[in-house]
Amino acid sequence: MDLRTFQATTMSAALAEVKQELGPSAVILHTRTIFKNRWLGLRRREMVEITAGRGARAAKPQPPAKPAPVKPQLPPEPRRHLFETSGGQNAAMLGLFQEVTGLKTMVKELVDHSNRTRCPEIPEELFEYYSQLIQNQVTEELAASMIKSLQKQLRPEHARQPEYIRQKLAEQIERQFPASGPIVRTKSVGPHVVALIGPTGVGKTTTIAKLAANLKLREKRRVGLVTLDTYRIAAVDQLRKYADIIGSPLRAVASPEELSDAMKSMEDCEFILIDTAGRSPNDALKLSELKGLLALAKPDEVHLVLSTTASQKCVELAIARFAEVRVDKIIFTKLDEAAHVGVLLNVIHKVNKSLSYVTTGQDVPDDIEVGQPRRLAQLILSGSGRIQSQ
Ligand SMILES: Nc1nc2c(ncn2[C@@H]2O[C@H](COP(=O)(O)OP(=O)(O)O)[C@@H](O)[C@H]2O)c(=O)[nH]1
Ligand SMILES: [Mg+2]
């Protein structure tokens with residue numbers, strides 16, 4: 001193809017030149033912004049440069065025409081600009097697409113290069129797996145340790161078996177996800193008491209409603225609800241609405257006496273689920289109040305509820321503070337909104353607690369799943385790191 005470059009101060013001026021010189025079916029291969037020095041190099045001017053060639057159907061230069069026989073006059077054809085033709089638009093789109101693809105490759109190469117220089121201990125043939133973990137926000141330390149364990153399991157003949165390598169890596173990830181399984185009542189007398197604690201807005205009340213609805217409506221269990229979140233009327237109303245729909249008793253308690261009373265009134269329930277007010281991890285006074293109330297309720301299990309959309313730092317702060325209250329298991333909410341699921345892996349690995357449930361949307365009672373290590377491992381390796389409701 002006969003390639004030429006055109007420079008002008010604006011894109012439209014450059015395009016006009018392309019059209020004039022190469023005709024309306026010109027194919028644009030590349031566009032870029034360049035800077036030209038002016039005023040003895042003291043000023044720089046931004047210019048647009050287009051590389052284009054003649055399209056396949058472009059008219060070839062014709063020899064001077066012989067006088068033609070007179071033809072009947074036809075109305076003039078409507079003239080169309082280069083970018084009003086589908087060929088022109090396609091050419092522009094192709095140019096843009098190539099440019100974006102080129103940029104993406106370049107950025108990926110830069111990131112890979114920077115990671116490679118920072119982690120010389122990661123073997124070259126496993127680097128793409130390491131990159132995938134990092135892209136999913138798995139910490140460098142954890143990603144490197146998993147890749148090194150993976151390396152020990154591989155033999156030279158596995159080098160050309162990416163499926164085998166992925167399978168082994170998935171097993172590595174699964175091992176980092178101890179899962180507790182669902183809430184189960186093991187005692188034969190008295191209610192199995194479960195409390196949910198965690199920062200404000202992570203989804204404690206919604207998760208209580210999902211758990212209660214599943215226990216009551218699907219498993220036909222007797223479920224009682226207690227809320228310690230009596231600071232806001234709206235918070236009690238929110239849970240009361242669910243309790244009414246499910247058909248479970250609800251007690252809102254504001255003092256140790258009321259709590260003892262409520263627990264006694266629900267003695268014939270198989271499960272009591274306790275909702276709590278979101279405490280700011282910085283509010284030490286309220287945290288110790290919560291600790292006192294929970295000590296009185298003697299829950300069989302306390303689940304710390306964390307949002308997958310929160311930053312690693314926020315999640316770590318919440319864990320540190322709520323550990324002073326009591327944490328047995330972790331629930332991760334809002335996986336449907338999470339950009340990356342690596343945070344789950346980092347947190348579960350760090351706190352050495354098991355994952356009980358993950359929630360995947362706002363719908364009560366459907367958007368909740370028992371934590372399944374295999375599913376989470378696949379999610380991390382799937383590339384996008386985003387969950388789809390099953
Ligand atoms: N996208 C999404 N939103 C959720 C999920 N769980 C709860 N929410 C929403 O998060 C907001 C706060 O929930 P709420 O249960 O009141 O949080 P709480 O303050 O911890 O009790 C509400 O708008 C919920 O609908 C989830 O799994 N996914
Ligand atoms: Mg709440």
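For this structure, a couple of remarks:
- A Förster radius of 45 Å, combined with the Cβ-Cβ distance separating Asp363 from Ser145, puts the computed FRET efficiency at roughly 0.75.
- Ranking Val48, Val302 by solvent-accessible area of protein heavy atoms (1.4 Å probe, all protein chains present), from largest to smallest, gives Val48, Val302.
- P(r) tail, the stretch 133-210: Cα-Cα pairs separated by more than 19 Å, 61% of all pairs.
- Computed Rg/Rh of the stretch 341-381, alpha carbon atoms with Kirkwood Rh: 0.99
- The stretch 241-277 and the stretch 206-231: distance between their alpha carbon centers, rounded to Å: 9
- Ranked by the mean number of other Cβ atoms within 10 Å per residue, highest first, peptides 316-322, 376-382 order as 376-382, 316-322.
- Cα-based reach from Lys19 at 23 Å (exclusive), listing lysines while leaving out same-chain residues under 8 positions away: Lys60
- Listed peptides 361-368, 264-271, 209-216, 133-140 appear in the order 209-216, 133-140, 361-368, 264-271 once ranked by packing, highest mean of other Cβ atoms within 10 Å at the front.
- Net charge, Gln176 excluded, C-beta distance under 13 Å - Lys, Arg +1, Asp, Glu -1: +1
- Summing Lys and Arg as +1 and Asp and Glu as -1 over all other residues whose Cβ lies under 13 Å from the Cβ of Ala213 gives a net charge of +1.
- For the stretch 355-364, 3J(HN,Hα) computed residue by residue from phi via the Karplus equation (6.51, -1.76, 1.60; θ = phi - 60°) reads 8, 9, 9, 10, 10, 10, x, 8, 6, 9 Hz, glycine and proline entered as x.
- Listed pairs Lys204/Lys329; Lys291/Lys313; Lys204/Lys350; Lys291/Lys350 exceeding 18 Å between Cα atoms: Lys291/Lys313; Lys204/Lys350; Lys291/Lys350
- Residues whose amide H lies under 5 Å from that of Leu29, counting only those 5 or more places away or on a different chain, are Thr51, Ala52, Gly53; hydrogens are built 1.01 Å from N in the peptide plane.
- Within the same chain, aspartates and glutamates fewer than 8 places from Lys187 are excluded, and of the rest, those with a Cα less than 19 Å from its Cα are Glu219, Glu267, Asp268, Glu270, Asp300, Glu301, Asp328.
- Annotation: amide H-H contacts under 5 Å for Val193 (H modelled 1.01 Å from N, sequence separation of 5 or more, or interchain): Ile272, Asp300, Glu301.
- Of Phe332, Phe97, Phe35, the order by accessible heavy-atom surface (1.4 Å probe, DNA, RNA and ligands excluded), from most exposed downward, is Phe97, Phe35, Phe332.
- Amide H contacts of Ser307 (H built 1.01 Å from N, in plane; Pro and chain starts excluded): Thr333 sit under 5 Å, all sequence-distant by 5 or more or on other chains.
- On the beta carbon distance between Leu154 and Ser311, with R0 = 25 Å, the FRET formula returns roughly 0.15.
- Three-way shape call for the stretch 206-266 based on the alpha-carbon gyration tensor, with the a/c threshold at 1.5: oblate
The values are calculated or read from the model by the stated rules, or taken from the named source; none is laboratory data. Predicted model only: the values in this text are computed from it and were never measured. For neighbour counting, all protein chains shown are included, and Cβ atoms are generated from backbone atoms with ideal geometry for every residue, glycine included. Heavy atoms of the whole protein, side chains included, go into the accessibility calculation; ligands, DNA and RNA do not. Shrake-Rupley method; radii C 1.70, N 1.55, O 1.52, S 1.80 Å.
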